[in-house]
């Protein structure tokens, strides 16, 4: 009976692996290496179980029993050679959990078995060897996210890429070399953002489903950019503290909507705005001037994400419902305006003169409503750069589209300044007399100077984004 042989060999193999790890641990090998030894070798359990049991309940039963044993060992500290003293303590248990999840999926989708194997070996070899490499290589190996290192991430990518190639060759899988490369990138990205041992679930399950999609679901390549880049984007956001936790959740929701509707193209437009904003913030810091004017600075929160992202998200939803080309152009224009406004305020601080054209007077650089020559040029360049992205995807039909996007975005920036000048709430410092958007200045409460209390910078950004989208959409309808 093949299933019985599978049970016997699975138990013998796991016992041998644990026994070998314990032996090396007793001989003085640090447990950070004996743990990785188990982590790497236990992946071969999939070979035994898939050969003798296949996509059956027997496979799932073995995984459940082993996971229960690993959980018991974790809480009772039965196997010191498999434990760690840090945040990755439950990692081995999560490895078993991922095996249970994928073996359960295989009961309903038998074709998942080979992608299951790729996910397991990317975890065992890719993640395992990445950990060892990161610990062994100390020079020229910077930490890029929390405890994850550059060398470890590169090793994970190379090994996972190799795992996919080996599976492709051995099992004659309908998986291209490009698909294998994408699997390596995703494995490295998921391992990078996995903390508290959860990468053992992220990598196994994420890679398995991705490999299955590449093999069996038509059109997967249209979504490959957001799938591959999102983990690295999350790591960058957390590392740079660019968004608050709730802001990150909001951004991921926006990312999902845009990626589903516009696929690779939409995600690249969205990510261009994000990366461009980070670069502008970095350039702005060169000025080395303390910001005592704007209400919010530094880490962006959920409200700011909504203020900049609601208009493009609405345009994406409208396009999904109507398939009207005008809403696609409006989507691009609203993000172009958001980036143009960021560039205008961020780079505009380098201008020596700032003028409020709606109140016809000079104002301090950075104050809402003010415009400068440097900031205006920066906003035009930023809007134009975003407008060019659709060219790479063959979205535009004529040269008019980038003109519409750039012009609409610039009008949105002007509208933003109009609202910021005449309607946005501003306060006056009772100590130094400076006009500011903050409710406290010089360690004292400020008093209202002008504008409406509810009309802060976030409301202005939201209104200008919607205004830009409407202008772009109406222009497209009229021209069409």
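The values are calculated or read from the model by the stated rules, or taken from the named source; none is laboratory data. Here the structure is a predicted model, which means the values were calculated and not measured. When we count neighbours, we look across all protein chains shown, and the Cβ atoms used for this are built from the backbone with ideal geometry, even at glycine.
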| Does residue 348 satisfy the criteria of being surrounded by fewer than 23 Cβ atoms within 10 Å (Cβ to Cβ), out of contact with any strand residue (DSSP E or B) (no Cβ under 7 Å at 6 or more places or on another chain) and within 22 Å of residue 458 (Cα to Cα)? | yes
| message | Where the second residue is buried (at least 18 other Cβ atoms within 10 Å of the Cβ) and not in a helix (DSSP H, G or I) and the first is touching a residue at least 24 places away in the same chain (Cβ under 8 Å) and lies in segment 207-221, which pairs have Cβ atoms under 8 Å and are six or more apart or on separate chains? | response | 211/175; 214/175; 215/173; 215/175
| note | The condition of being buried (at least 21 other Cβ atoms within 10 Å of the Cβ), in contact (Cβ under 8 Å) with a residue 24 or more places away in the chain and either assigned by TED's automatic domain parsing to the domain that holds residue 280 or in a loop (DSSP other than H, G, I, E, B) (or both) holds, among 306, 386, only for 386
| query | Taking into account only those residues within segment 210-223 that are in contact with a helix residue (DSSP H, G or I) (Cβ under 6 Å, 6 or more places away or on another chain) and within 17 Å of residue 161 (Cα to Cα), which is surrounded by the most Cβ atoms within 10 Å (Cβ to Cβ)? | reply | 211
| said: So, in segment 411-426, how many residues would count as being under 12 Å from residue 337 (Cβ atoms) and surrounded by fewer than 23 Cβ atoms within 10 Å (Cβ to Cβ)? | reply: 3
| task | Just give me the residues in segment 430-471 being in a strand (DSSP E or B) and touching a residue at least 24 places away in the same chain (Cβ under 8 Å), in sequence order. | result | 435, 436, 441, 450, 452
| said: Anything in segment 334-373 that is within 34 Å of the chain's Cα centre (by Cα) and in a strand (DSSP E or B)? List them, or say none. | reply: 371
| query | How about segment 51-153: which helices (runs of 4 or more DSSP H) wholly inside it have at least 2 residues that are modelled with pLDDT under 95? | reply | 57-76, 91-108, 128-136
| What are the residues in segment 192-221 that are closer than 13 Å to residue 175 by Cα and outside any helix (DSSP H, G or I), if any? | 217, 218
| List, please: which pairs have Cβ atoms under 7 Å, are six or more places apart or on different chains, and start with a residue in segment 222-244 that is assigned to a strand (DSSP E or B) and end with one that is buried (at least 17 other Cβ atoms within 10 Å of the Cβ) and modelled with pLDDT under 90? | 243/237; 243/300
| note | So, first residue closer than 14 Å to residue 236 by Cα and in the same structural domain as residue 184 (by TED's automatic domain parsing) in segment 140-154, second residue modelled with pLDDT under 80 and surrounded by 20 or more Cβ atoms within 10 Å (Cβ to Cβ), Cβ within less than 7 Å, six or more apart or across chains; the pairs are 149/134
| message | Take the conditions crowded, with 24+ Cβ neighbours inside 10 Å, farther than 21 Å from residue 479 by Cα and touching a helix residue (DSSP H, G or I) at 6+ places or on another chain (Cβ under 9 Å) and apply them to residue 368. Does it pass? | response | yes
